[in-house]
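To start, the structure under review is shown below, and the notes come after it.
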Amino acid sequence: ITLEDLRKAGTTINQLTLEPLGLEAVAQLIADTLHSDTAWVQPLAELIINKTDGNPFFVNEFLKTLYAEYLLSFGFASRTWQWDIAQIHARDITDNVVELMIGKLKQLPQSTQNLLSLAACVGTNFSLSILATICEKSPDELYPELIEAVHAGVILPTSELDAQLLIQDYKFLHDRIQQAASTLIDENQKQILHLQIGRNLWQQAGETLSENIFEIVDHLNLSIELMIEPVEREAIAQLNLMAARKAKAATAFSAALRYLTTGIELFRSESWQGQYDLTLALHSEATEVAYLCGNFDEMEKWATVVLQQAKTILDKVKVYEVKIQSCVAQSQQLEAIKIGLKVLEQLGVSLLELPTELDIKQRLKETTAALMQRNIEELVKLPSMTDAYKLAAMRISSSIGSATYQVASVLLPLITCEQVNLSIKYGNSPFSSFAYAA
């Protein structure tokens, strides 16, 4: 059955798990490679599967290593491939594929090894232009080195020749080759390289900053210990905030929280005084994303900081909203309502916690009277609500709506009436249509 067959049948493919090859499959692979029958290669297949655990890539690389070490050779007299199992065992070839790849890379010229190490820091995919920028050399100078690596089978070109007869884009043949190339760099140099790469990508990004934000920030975050200038640390914290918001929009909440935590760590303790707006944004986003990750303890940690440090109630509204959502998610509806009413009071909207039937009837009568003076067309044409306090009140009152319906339904008419009255007086908000319908 092919993937196309499954698609035609209307089957959705979410994940395909590729298991290691078994002995029979490895024997068949080797037999096809060496133009032999499976019975003849069975001892070699058993040795190789013990070394590679049946990973197809590792099987191929192990065969290449045997050939390079003259442990697998073609007998022209017998016109068959030949090997000596005892001799292979005696050479004790490593079954660590990274070490195999390091050995393969070390057979390349030193200049090519150095270039591949830089490429490994850039990522699985890299370009000639970024390597030229990092090395401060022209693409023409570096191109032969990359072609040497292509011929050695460790990288692949992913684009065609350009007008200058250069191939610009490449990728490592396998992540283990990238890993092996990375080990050729001294650990002390990696942070410096990542900082250089991140800065170069950042400088070149221009209008494409948003498109490349993850790649840029990932490099810079690996080298934040080297950044000592406050201005640069603040700018990179801003980049982390941008990356976090993009990751959150893509529902990559764990990644978003990582970016936000890094952004916060880039600041000193006095950042609430020196970089208030950015610090508030990082902590508020961290509160929300921690909640989206289901990490309520961390959410409370960041929320507490914001509620202690934020200057105004408007600066605290987003965090209060998250706390309300968290309470509802944990079946603490009464606590959610308590928080909501407290915030509404600070926003200038007072609601009775335990209204009587008379209170409700009086409020409904007032709201009905206000609506009687407007037809639907007039309500639709109301201006947009711009008062920040009233917009916040609409958000908070909406956030406690479900909790009120579940455990304190007597409050629901008051909340609905308040939202309708705010809309008529101050203009429509994104929550007004629901209030009118209710």
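Odds and ends about this structure:
- Within the chain, longest stretch clear of exposed chymotrypsin sites (Phe, Trp or Tyr not before Pro) (DSSP loop, no more than 16 other Cβ within 10 Å): 77-438
- A DSSP coil position with no more than 12 other Cβ atoms inside 10 Å describes the following GluC sites (Glu not before Pro) in the stretch 157-266: 160, 211.
- Average accessible area per residue (Å²) across the chain - probe 1.4 Å, nucleic acids and ligands excluded: 55
- CD proxy at 222 nm, helix term only [per DSSP H run n ≥ 4: -39500 (n - 2.57); per residue of the chain; nearest 500]: -20500 deg cm²/dmol
- Computed over the chain, the P(r) curve from all C-alpha pair distances, binned at 20 Å from the origin, holds 18, 34, 28, 15, 4, 0 percent per bin.
- Taking amide hydrogens as placed 1.01 Å from N in the peptide plane, the amide H of residue 169 sits under 5 Å from those of 128, 158, 159, each at least 5 positions away in sequence or on another chain.
- Sparsely packed loop sites in the stretch 98-191 (the trypsin sites (Lys or Arg not before Pro) outside DSSP H, G, I, E and B with at most 11 other Cβ atoms within 10 Å) comprise 106.
- All-pairs alpha carbon distance profile, the stretch 307-438, 10 Å steps from 0, percent: 12, 43, 34, 10, 1
- Environment charge at residue 258 (Cβ cut-off 14 Å; Lys +1, Arg +1, Asp -1, Glu -1): -1
- Split the accessible area of the chain by element, probe 1.4 Å, and carbon with sulfur accounts for 52%.
- Along its first, second and third principal axes, ordered by size, the stretch 163-236 spans 40, 34, 20 Å in Cα coordinates.
- Of the GluC sites (Glu not before Pro) found in the stretch 115-145, those in coil by DSSP whose Cβ has at most 10 other Cβ atoms within 10 Å are 136.
- Exceeding the 31 Å Cα-Cα cut-off - candidates 51/137; 246/338; 104/190; 137/190; 51/106; 137/246: 51/137; 246/338; 137/246
- Most to least accessible of 174, 151, 283, 89 (protein chains only, probe 1.4 Å): 151, 89, 174, 283
- Classification of the stretch 113-219 by its C-alpha gyration tensor yields an oblate form. The axis ratio a/c (a ≥ b ≥ c) is 1.5 or more, and b/c is at least a/b.
The values are calculated or read from the model by the stated rules, or taken from the named source; none is laboratory data. Keep in mind it's a predicted model, so treat the numbers as computed, not measured. FYI the Cβ positions are ideal-geometry reconstructions off the backbone, even for glycines, and counts take in every protein chain you see. Side chains are part of the model used for accessible areas, which takes the heavy atoms of the whole protein and leaves out ligands, DNA and RNA. Shrake-Rupley method; radii C 1.70, N 1.55, O 1.52, S 1.80 Å.
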